[in-house]
């Protein structure tokens, strides 16, 4: 088991390398360069001698392949360079500024998804094949399918434009509610369906039948024997769900004008801020890969059969 | 051997002789799908959208991309104050007809859902079938490649590809559609490859494949005539989920302003364009958003229905 996990961790290296390589060469094929913004008027190119001096200063005058290996070499030592556009700021500082917004929204969305999804799922399973079950099935199918930016837009129109309950521009803590809700709805629906099917399965286990036969009350059986087993799959998807939610904010942040990672990413691409593009892409990828890895780790800890097998 | 194989077919007819209609997998699945009201509604909605998309040039009252010199911009739809039947759904910020743009947007959604799906099925199924059939070390190597592509965060790749390549000559092809096809196909084929490989691995051990091999069929023929048709059901289910995924990806990218190229209309780009007006004219954001939501729900109903219909052993409690 340990060997398997080490294997999985080592697998992140070629994946991150592939991400870095593809991103590096793709972003350099884009027309324009990081100095366009400094030339003042859009579309007017920079004075050639000035451009050459900038290029020399940041090593962009070297052949692309040399720049590529320099970048790889630096990133192994966790040196991701400085931003070309926001002068004097390192890539790590910039990510440090933007990430907390995305993380807060992602975390709030996760809490909401678990807080709504698990009870709905348990309720649907307990009321299996009743109207409650069918209704929840319908609602979860629709909410799982609705694109989160569409949910975000409708929430914005209803709560900010019409009811004026939440400020339309990003201001204080209230500005986190709608984004988290828009982002979390899909996950809440997914968690509800997962909870429902795993609780239904747990209800058929022998020990549950035994507990019932002993004359334990229905409530006690559900809370003590069914739910505990039914939660294993739910716990294991928390890692990837969180990773997905944090990266999912790329589009949500646009709707609500949040200065998080997503906006950073889009801005850095449009200004051709190469070090920031690379840094943010690698950060996101690492986050997603880590989230997927956590499924395996969580399974090992949640299921004693796996934990004790080869330990 | 050949005689024995055709004997299987004869026994089918023998069952038919018992006054019981023969029900193959497909007619059986169709019967089950028809009983699923949500799936039928979804199918009908998709059908209507397909018709609208195909006949958009005939149905659209105006040229969707033409900026008229004599029309007003941002006129509301007919049911609101100041609206008129000249432009039933109003005009956008450049005075273009919203109805015409929404109709052409349906075209983009349908094309962007279907074309990359066809590409991923062709590439993925071939890859998966070859990998599963070869087995052993080759299978191992081929699947490692799938794993790496699978781990690449697809939304990030879409954004980087779009932002980097959309202003190049290739990015301009078909109004930006070509680049979207390629981006979606690059990330999408590996899911299909995994699925078909799994099917192939289990099918190659079955007796009827053994029999086909014994009577001297070439591997290529066995894959095409026996393995592929028997993998068709899961492929169809997977397709019904991948079409809406691509529709959504296009809408999301266009909403970020890096999808389809202007002046072409897609539902996502219409949301993008109308978004700055959200406090002033929310209806312009609502109309395309609603269409995106509806097509997604329709496909979800059909996909769920197909899964239940085509896979009788599928988890009934879902």
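The values are calculated or read from the model by the stated rules, or taken from the named source; none is laboratory data. Quick caveat, the model's predicted, so the values are computed rather than measured. We place every Cβ from the backbone using ideal geometry, glycine too, and count neighbours over all the protein chains shown.
Residue B:309 versus (1) within 10 Å of chain A (Cβ to nearest Cβ); (2) assigned to a helix (DSSP H, G or I); (3) crowded, with 20+ Cβ neighbours inside 10 Å: which is the lone unmet condition?
Residue B:309 satisfies every listed condition except (1).
For the condition in a helix (DSSP H, G or I) and away from every other protein chain (no Cβ under 11 Å), what is the one hit in A:153, A:116?
Selected residue: A:116, the only one of A:153, A:116 that is in a helix (DSSP H, G or I) and away from every other protein chain (no Cβ under 11 Å).
Yes/no per residue for (1) within 14 Å of chain B (Cβ to nearest Cβ); (2) at pLDDT below 85:
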| position | (1), (2) |
| --- | --- |
| A:17 | yes, no |
| A:28 | yes, yes |
| A:38 | no, yes |
| A:41 | no, yes |
| A:52 | no, yes |
| A:55 | no, yes |
| A:58 | no, yes |
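One residue is enough: does region A:134-145 have a residue meeting the conditions outside any loop (DSSP other than H, G, I, E, B) and away from chain B (no Cβ under 14 Å)?
No - not one qualifying residue is present in region A:134-145.
Look at residue A:161 and say whether it is away from chain B (no Cβ under 14 Å) and out of contact with any strand residue (DSSP E or B) (no Cβ under 7 Å at 6 or more places or on another chain).
no
Output the number of the condition that residue B:260 fails; it satisfies all remaining conditions of (1) more than 10 Å from every other protein chain (Cβ to nearest Cβ); (2) under 19 Å from the mean Cα position of the chain (by Cα); (3) in a helix (DSSP H, G or I); (4) touching a residue at least 40 places away in the same chain (Cβ under 8 Å).
Going through the list (1) more than 10 Å from every other protein chain (Cβ to nearest Cβ); (2) under 19 Å from the mean Cα position of the chain (by Cα); (3) in a helix (DSSP H, G or I); (4) touching a residue at least 40 places away in the same chain (Cβ under 8 Å), residue B:260 breaks only (3).
Is at least one residue of region B:193-210 closer than 30 Å to residue A:265 by Cβ and at pLDDT 85 or above?
Within region B:193-210 (the criterion being closer than 30 Å to residue A:265 by Cβ and at pLDDT 85 or above), the answer is yes, since at least one residue qualifies.
Do you know which residues across region B:210-220 are under 26 Å from residue B:310 (Cα atoms), surrounded by fewer than 17 Cβ atoms within 10 Å (Cβ to Cβ) and in contact with a helix residue (DSSP H, G or I) (Cβ under 8 Å, 6 or more places away or on another chain)?
B:211
Based on this model, can you work out whether residue B:296 counts as within 17 Å of residue A:147 (Cα to Cα) and facing chain A (nearest Cβ under 7 Å)?
For residue B:296, the condition - within 17 Å of residue A:147 (Cα to Cα) and facing chain A (nearest Cβ under 7 Å) - is met.
Give the residue, chosen from A:158, A:166, A:111, that is within 30 Å of residue B:249 (Cβ to Cβ) and assigned to a loop (DSSP other than H, G, I, E, B).
The unique qualifying residue is A:166.
Suppose we filter region B:263-280 for residues that are within 12 Å of chain A (Cβ to nearest Cβ), surrounded by fewer than 19 Cβ atoms within 10 Å (Cβ to Cβ) and not in a helix (DSSP H, G or I); how many remain?
2
Considering each residue of region B:120-138, count those that are surrounded by fewer than 18 Cβ atoms within 10 Å (Cβ to Cβ) and in contact (Cβ under 8 Å) with a residue 60 or more places away in the chain, and give that number.
2
If we scan region B:73-93, do we find a residue that is outside any loop (DSSP other than H, G, I, E, B), buried (at least 17 other Cβ atoms within 10 Å of the Cβ) and without any contact (Cβ under 8 Å) to a residue 40 or more places away in the chain?
yes
Please go through region B:51-72 and pick out each residue that is within 29 Å of the chain's Cα centre (by Cα), over 16 Å from residue B:262 (Cα atoms) and surrounded by fewer than 16 Cβ atoms within 10 Å (Cβ to Cβ).
B:51, B:54, B:55, B:57, B:58, B:59, B:61 - these are the residues of region B:51-72 that are within 29 Å of the chain's Cα centre (by Cα), over 16 Å from residue B:262 (Cα atoms) and surrounded by fewer than 16 Cβ atoms within 10 Å (Cβ to Cβ).
Okay, residues lined up against (1) within 14 Å of chain B (Cβ to nearest Cβ); (2) assigned to a loop (DSSP other than H, G, I, E, B); (3) under 30 Å from residue B:159 (Cα atoms):
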residue: A:216; (1), (2), (3): no, yes, no
residue: A:219; (1), (2), (3): no, no, no
residue: A:222; (1), (2), (3): no, no, no
residue: A:233; (1), (2), (3): yes, no, no
residue: A:240; (1), (2), (3): yes, no, yes
residue: A:243; (1), (2), (3): yes, no, yes
residue: A:249; (1), (2), (3): yes, no, yes
residue: A:254; (1), (2), (3): yes, no, yes
residue: A:263; (1), (2), (3): yes, no, yes
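Looking at region A:169-194, which of its residues are within 14 Å of chain B (Cβ to nearest Cβ) and either surrounded by 17 or more Cβ atoms within 10 Å (Cβ to Cβ) or farther than 18 Å from residue B:285 by Cβ (or both)?
A:178, A:182, A:183, A:185, A:186, A:189, A:190, A:192, A:193, A:194
Could you please let me know if residue A:92 is under 22 Å from residue A:241 (Cα atoms) and either surrounded by 13 or more Cβ atoms within 10 Å (Cβ to Cβ) or not assigned by TED's automatic domain parsing to the domain that holds residue A:191 (or both)?
It is false that residue A:92 is under 22 Å from residue A:241 (Cα atoms) and either surrounded by 13 or more Cβ atoms within 10 Å (Cβ to Cβ) or not assigned by TED's automatic domain parsing to the domain that holds residue A:191 (or both).
If residue A:109 satisfies every condition in (1) within 14 Å of chain B (Cβ to nearest Cβ); (2) crowded, with 18+ Cβ neighbours inside 10 Å but one, which is the exception?
(1)
Tell me, please, whether a residue that is within 19 Å of the chain's Cα centre (by Cα) and closer than 17 Å to residue B:223 by Cβ can be found in region B:195-208.
There is at least one residue in region B:195-208 that is within 19 Å of the chain's Cα centre (by Cα) and closer than 17 Å to residue B:223 by Cβ.
With B:243, B:292, B:236 as the choices, which residue is at pLDDT below 90 and either touching a helix residue (DSSP H, G or I) at 6+ places or on another chain (Cβ under 7 Å) or more than 30 Å from residue B:134 (Cβ to Cβ) (or both)?
B:236
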